[in-house]
1. What is the number of the single condition among (1) touching a helix residue (DSSP H, G or I) at 6+ places or on another chain (Cβ under 8 Å); (2) under 20 Å from Phe78 (Cβ atoms); (3) surrounded by 15 or more Cβ atoms within 10 Å (Cβ to Cβ) that Gly52 does not meet?
2. Mind listing whichever residues of region 31-49 are within 20 Å of Glu9 (Cα to Cα) and surrounded by fewer than 13 Cβ atoms within 10 Å (Cβ to Cβ)?
3. Of all residues being closer than 24 Å to Gly123 by Cβ and among the basic types (Lys, Arg) in region 14-49, which is farthest from the chain's Cα centre (by Cα)? Just the residue, please.
4. Just to be sure before I move on: is Ile11 farther than 30 Å from Glu160 by Cα, of a type outside the set (Gly, Ala, Ser) and under 19 Å from the mean Cα position of the chain (by Cα) in the structure I sent?
5. When only residues in region 117-128 that are part of a loop (DSSP other than H, G, I, E, B) and in contact (Cβ under 8 Å) with a residue 12 or more places away in the chain count, which is nearest to Arg24 (Cα to Cα)?
6. Regarding Leu195, is this residue touching a Ser or Thr at 6+ places or on another chain (Cβ under 9 Å), modelled with pLDDT of 95 or more and within 18 Å of Arg142 (Cβ to Cβ)?
7. Cβ contacts < 7 Å: first residue on the phi > 0 side of the Ramachandran plot, restricted to region 130-148; second residue not β-branched (Val, Ile, Thr), any location; separation 6+ or different chain. Result?
8. Of all residues in region 155-184, which are surrounded by 19 or more Cβ atoms within 10 Å (Cβ to Cβ) and over 11 Å from Leu20 (Cβ atoms)?
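The values are calculated or read from the model by the stated rules, or taken from the named source; none is laboratory data. The model shown is predicted, which means the values in this text are computed figures rather than measured ones. Methodologically, a virtual Cβ is constructed for each residue, glycine included, from the backbone with ideal geometry; neighbour enumeration extends over all protein chains shown.
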Amino acid sequence: MIASADLPETIPIFPLPGALLLPRGRLPLHIFEPRYLQMIEDAMKTQTRLIGMIQPYDAPGQAGKLHAIGCAGRLNAFTETDDGRYMITLSGVSRFRVIDEVEGFAPYRRCKVKWSGFERDLGRPEHDADFDRRTFMEALGRFFEDQGLKTDWDSLGEAEDELLINSLSMLCPFPPEDKQALLEAPSLSTRRETLMTLIEYALRGGDDEVMQ
């Protein structure tokens, strides 16, 4: 486990639309672009092996702009394929807020970040005292059927609150801006409420309302 004192001021940034990493979550990635291959190699040489996952904006006039909040993951699994690609897994450590982008000679982007405000991310798994699991799972079942998705329902039913809510937040096929809303949720209960709203919105066909 990484202590708050060990978190660096500057981290490499991997802007990837729709890819969500949350604290204590695991995100597998397939790396093949030369600049990100170099990023992985450089991260492996550091003590913390942290890489910041962040959503880029996808709107006219905002090319290259990053959201203010991302989540850093520790590179804890690494496999190289015969043709030089990397298969990695990031383990979510803590969210961060971007202060400024750092100019330099690296082919990938780096940012100066601050970790304050996300101290809970470094603690023990959260619990959701108000979680109505039965109602949630019924809505989730309808959503998966509507989306043509399959899962191991026995495993989902046995999962702890945080593992269930965060895994679904990471895996469900929501648009990038909705993924960002899930990332920025201040607590597990808020994330569960946001997730439920997104599920219900999708089940209504996405009409009559616009997610904010």
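1. With respect to (1) touching a helix residue (DSSP H, G or I) at 6+ places or on another chain (Cβ under 8 Å); (2) under 20 Å from Phe78 (Cβ atoms); (3) surrounded by 15 or more Cβ atoms within 10 Å (Cβ to Cβ), Gly52 is out only on (1).
2. Matches in region 31-49: Glu41, Met44, Lys45, Gln47.
3. Here the answer is Arg49.
4. Numbers: farther than 30 Å from Glu160 by Cα: yes; of a type outside the set (Gly, Ala, Ser): yes; under 19 Å from the mean Cα position of the chain (by Cα): yes.
Yes, satisfied.
5. Taking region 117-128 first, the residues part of a loop (DSSP other than H, G, I, E, B) are 117-118, 123-128.
Retained after the next criterion (residues that are in contact (Cβ under 8 Å) with a residue 12 or more places away in the chain): 117-118, 125-128.
On the way: Gly117: 17, Phe118: 13, Pro125: 8, Glu126: 10, His127: 13, Asp128: 16 Å.
Out of the qualifying residues, it is Pro125.
6. Values: touching a Ser or Thr at 6+ places or on another chain (Cβ under 9 Å): yes; modelled with pLDDT of 95 or more: yes; within 18 Å of Arg142 (Cβ to Cβ): yes.
Against the criterion (touching a Ser or Thr at 6+ places or on another chain (Cβ under 9 Å), modelled with pLDDT of 95 or more and within 18 Å of Arg142 (Cβ to Cβ)), Leu195 qualifies.
7. As it stands, the answer is none, since no pair meets every condition given.
8. Glu162, Leu164, Ile165
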